[in-house]
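Below is one structure; the comments refer to it alone.
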Amino acid sequence: MTANDIHFFKFLVNNQVFYKTKFTYALVNLKPLVPGHVLVVPLRTSVLRFGDLTPDESIDYMNTLQLIQKFISKTYKADALNIAIQDGPEAGQSVPHLHTHIIPRYRTDGFGDSIYSKLESEDLETEYNQFELRKRKYRDHLKVEKSELSQNDADRKERTEASMQEEATWLNNEIQKFIAHTKS
């Protein structure tokens, strides 16, 4: 473990990160819903909810979200994007560390609003703590039928470290070109 290590909650994600600022980073997703589904996350792991950001972190976070939103839209030739923060377990947050999903969308993808149900599935194992307890209570309370998209979650496979690092390296090269182009 080094001082430069980057964590998403308790998970070391150095090889998944493709962009980093003073307070924020963007990384490729372990189990993306679609190609180009990335996350924007504050570097400080104690930021559980959006309101936990300091004023400086908040400015940096929003600037990073806007940059990554433009970049992913252009890079993946998306017709639109879902930009989603699940702020608390009752809102579907699966990891107790603030993160924003940026998901490319297309006129022909057929997901509609069912993409939100898909976001509520657990992407990573979390420790059994107050956050997990609240999430489980909320899910038990819902007892709502899930969409067809959500029912196929077992088909979503975790990617290998190598495949995520390859995508992160490619996206890092592309975002550097994108930033240079937007400044000119």
Please determine whether any residue of region 91-112 is outside any helix (DSSP H, G or I), under 17 Å from Ile175 (Cβ atoms), touching a residue at least 12 places away in the same chain (Cβ under 8 Å) and not β-branched (Val, Ile, Thr). yes
Give Leu39, Leu30 a once-over and let me know the one that is closer than 30 Å to Asp79 by Cβ, at pLDDT below 95 and not aromatic (Phe, Trp, Tyr). Leu30
Filter result for Thr2 (over 27 Å from Phe111 (Cβ atoms), modelled with pLDDT under 95 and surrounded by fewer than 17 Cβ atoms within 10 Å (Cβ to Cβ)): yes
Subset of region 22-36 (residues that are surrounded by 15 or more Cβ atoms within 10 Å (Cβ to Cβ) and under 17 Å from Leu67 (Cβ atoms)): Phe23, Thr24, Tyr25, Ala26, Leu27, Val28, Gly36
Would you mind finding the one in Ile72, Ile59 that is among the β-branched types (Val, Ile, Thr) and loosely packed, with under 15 Cβ neighbours inside 10 Å? Ile59
Quick one: would you say Thr182 is of a type in the set (Ser, Thr, Tyr), in contact with a strand residue (DSSP E or B) (Cβ under 8 Å, 6 or more places away or on another chain) and modelled with pLDDT of 85 or more? no
Hits in region 1-12 - residues which are of a type in the set (A, V, I, L, M) and in a strand (DSSP E or B): Leu12
Residues in region 13-62 that are touching a residue at least 60 places away in the same chain (Cβ under 8 Å), under 14 Å from the mean Cα position of the chain (by Cα) and in a helix (DSSP H, G or I): how many? 1
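The values are calculated or read from the model by the stated rules, or taken from the named source; none is laboratory data. What you see is a predicted model, and the numbers here were worked out from it, not measured in a lab. Don't worry about glycine lacking a Cβ; one is built from the backbone with ideal geometry, like all the others, and counts go over all protein chains shown.
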